[in-house]
Each structure stands twice: as structure tokens, then as C-alpha cells.
Amino acid sequence: MKITPPPLFYKGKTMITIYGIGSPYAARVRAALIWKDLPFEHVNVDLGKKSAEFLRLTPIETVPVVQDGDIVLCDSLHALDYFDRHYPATYQMLGGNERERARVLTVMEACNKIASYFGPLYMENASIAERMQRSGKSFRVFQYSPEQKKDLQAEISYRLNRIKEFYGSQQFCIGRFSAADAAVLALLRSTVSFGMDIGAWKEWQNMLLQQEKIASMFPSENEKGVRSI
Ligand SMILES: N[C@@H](CCC(=O)N[C@@H](CS)C(=O)NCC(=O)O)C(=O)O
């Protein structure tokens, strides 16, 4: 019989584990834990291998997976919702009332919609496409033509602009930092990493990332996690 080790404790609080270190969705959860002042550690996940330990954790097989004691959350939004409810005295990342929550969720979904266009850009990394083909998953290997990429940039600019309109003249979606702003920051970072333009959001991004507490939602280059699975 396999014995599950007891949760680690840090300053009297359970140590939370975020599996999957580099993902933009993991950055949303990391932002939440930093603002809530809840201790966490990262475990790096090799998505190319998907170890037995990772497969046991999640039937969805995406990162992040977030573990708090014996509670396992397999989606970043589910994790954010859990942390706000389970630790009600901590900073509320999804907003402090229903109106704020509705705004935050709207922005997060708008970000998800844009991120859903990124699959083929991710596949451009040849080793990912080859790996998918070798493992019998060629159905996932779509790539954009140069013409489609131009159209994609237009669509991304349009959609980013819709989010900007939704913010109006406010710096933050609900007047203070929340999961909405974390989702936009994570999305902008991915967009830039795929060589796409983020237009007027650049200035906003620079301004927010000057604040250390916000910028630390992204792990530094040398943060590798406590172990790898
Ligand atoms: N809805 C999920 C999306 C997570 C997601 O798509 N993660 C990507 C990495 S950024 C992943 O694990 N992809 C691997 C796969 O789809 O097999 C969440 O918010 O946690």
C-alpha cells in the first residue's frame, strides 16, 4: 500500500504545491498565493514525458495542478476559487463581491479566448510538433500560414482592445490588483513570446511590472522548482 506523506508545514500554514512552473496559468495561481501570503513551492512537470506521478494527480493532464494538503485542483480558475473560499481572510483575487467577481471572470475568459489561438504558434517549435506526431497525436499539429498569422495578429489586437475598453480608464479591472490583471499580464507575456504585438497594453504592462509584488507572479529564470516529475 502506498503511504501518502503528510502535508509540509511552513509558519503554521500548509505548504501548497504548484505543479508546472512556466505556464501562464500557473502564474495566475502564483500571483494569488503571493498576494494571499500563503506559502507555496513549485514542482516542475515534464509535459513531454508525463510521469506516472503526474498522471495520478490529474485526469486532465494539463498544468498547473495545485495541491493543498489532500485537496488537488486541476485547473487554475478552480484553484483561485478554492483559495478565495478556503482562506476567506486572505486577499480576494476574484473580487470582494459579486459585481467585482463578474468583472474578473469576464476578463479571465476574454484572456482564455485569446490564448486558445496560441496552440499552432506553440506547435511551430519543431520538436513539439515532431513529438506529437511520434506519439500518435498528429491531430494536434496545426500551424498557421504567414497569411493566417497576419489575420491572427489583427484578431489578437482587436480582442486585446476589447479588454482595454472593458477596463475603461481604470488601471486595474476592479480598482485594485486581481486575478483579472494577473491573467492579462500572463497573456501579454505569452503574446510577446510568440512574436505578436500587444499595442497599447505595453505601457500598462511596464507600469505594473515595476511593482515587485506584481512582477513576482512570474518565476525568475533560475527558479527550477523543488523537484521535477
Ligand atoms: N484551463 C486550464 C488550462 C491549462 C493549460 O492549457 N495548460 C497548458 C500549459 S500552458 C498545458 O498543460 N498543456 C498540455 C496539454 O494540453 O496537454 C487552466 O486554467 O489551468
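Summing charges over neighbours of Gln171, with a neighbour being any other residue whose Cβ is under 12 Å away from its Cβ, gives 0 when K and R count +1 and D and E count -1. Restriction of the GluC sites (Glu not before Pro) in the stretch 21-127 to DSSP coil positions whose beta-carbon has at most 16 other beta-carbons within 10 angstrom yields Glu61, Glu124. For the listed residue pairs Lys36/Lys202; Lys150/Lys202; Lys137/Lys164, the alpha carbons are over 29 angstrom apart in Lys137/Lys164. Ranking Tyr25, Tyr144 from most to least accessible surface, computed with a 1.4 Å probe over the protein chains only, gives Tyr25, Tyr144. Taken along the Cα-to-beta-carbon direction at a fixed 7 Å, the label points for Glu61 and Tyr117 span 2.8 nm. Given R0 = 41 Å, the distance between the Cβ atoms of Lys137 and Glu98 translates into a calculated FRET efficiency of 0.50. Taking every protein chain into account, the 1.4 Å probe leaves Arg162 with about 120 Å² of accessible area, to the nearest ten.
Among the trypsin sites (Lys or Arg not before Pro) found in the stretch 54-156, those both in a DSSP coil and sparsely packed, with 16 or fewer other Cβ atoms within 10 Å of their Cβ, are Lys137. The residues packed around Arg159, meaning those with a beta-carbon under 13 Å from its beta-carbon, carry a net charge of -2 if Lys and Arg are +1 and Asp and Glu are -1. Just to be sure I understand the rule: take each whole DSSP H helix in the chain, project its Cα atoms onto its long axis, keep it if the span is 24 Å or more and its mean Kyte-Doolittle hydropathy is at least 1.6. Which ones pass? Result, helices passing both filters: zero. Among beta bridges from DSSP that stay inside the chain, the antiparallel ones total about 55%.
Full extension of the chain between Lys50 and Lys202 yields a length gain of 51.2 nm, computed as 0.36 nm times the residue separation minus the alpha carbon distance.
Treating r as the C-beta distance of Ala89 and Gln210 and R0 as 30 Å, the FRET efficiency rounds to 0.55. Couplings 3J(HN,Hα) for the stretch 51-57, derived from phi with the Karplus relation 6.51 cos²θ - 1.76 cosθ + 1.60 (θ = phi - 60°), are 5, 4, 4, 5, 5, 5, 6 Hz, where x marks Gly and Pro. When the chain is described by a simple charge dipole with +1 on each Lys and Arg Cβ and -1 on each Asp and Glu Cβ, the residue from Gly136, Ser190, Gln211 located farthest towards its positive end is Gly136. Solvent exposure of the chain, expressed per residue, is 55 Å² of accessible area, with all protein chains present and a 1.4 angstrom probe. Shape call for the chain from the C-alpha gyration tensor, a ≥ b ≥ c root eigenvalues: rounded (a/c under 1.5), prolate (a/b greater than b/c) or oblate? Since a/c reaches 1.5 but b/c is at least a/b, the shape of the chain is classed as oblate.
Label-to-label distance for Lys150 and His78 is 4.3 nm, based on points extended 7 Å past Cα in the beta-carbon direction.
The values are calculated or read from the model by the stated rules, or taken from the named source; none is laboratory data. Note that the coordinates shown come from a computational prediction; the quantities given were computed from them, not determined experimentally. Ideal geometry is used to build each Cβ from the backbone, glycine not excepted, and the neighbour counts take in all protein chains shown. Note: accessible area is taken over every heavy atom of the protein model, side chains too, but ligands, DNA and RNA are not part of it. Shrake-Rupley method; radii C 1.70, N 1.55, O 1.52, S 1.80 Å.
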